[in-house]
Amino acid sequence: MDQISGISFDILKTFEQGDAVIAELAVNYHLTNGTTTTLPCLDIFRFNGPKVSAMLVFMDASPLFAQ
């Protein structure tokens, strides 16, 4: 984690179903060596009224640590 200088997100698509929002993301890890590694990610947010009651993150981060 010491090699990560910042993180940014690009929201590619969102879907709503009942009390859930599904977000397809590209997560950009900015590394201290000046490079950026982008990984695909899918998040599911469950709502209880206006508040998030659960968040599930599906992402394979192994390419980030293989460098």
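Read-outs throughout are calculated quantities, based only on the coordinates presented, and are distinct from any laboratory measurement. The structure displayed is predicted, hence computed values, not measured ones. As a convention, Cβ positions derive from the backbone with ideal geometry for all residues, glycine included, and neighbour counts pool all protein chains shown.
Odds and ends about this structure:
- Hey, L64 under 19 Å from I4 (Cα atoms), in contact (Cβ under 8 Å) with a residue 12 or more places away in the chain and either surrounded by 10 or more Cβ atoms within 10 Å (Cβ to Cβ) or of a type in the set (D, E, K, R) (or both) or not: yes
- Taking the range 1-51 and the strands (runs of 3 or more DSSP E) fully enclosed by it, the elements with 2 or more residues that are touching a His at 6+ places or on another chain (Cβ under 6 Å) are at 4-17.
- In the range 11-31, of all residues being over 17 Å from P63 (Cβ atoms) and not aliphatic (A, V, I, L, M), the one that is surrounded by the most Cβ atoms within 10 Å (Cβ to Cβ) corresponds to E24.
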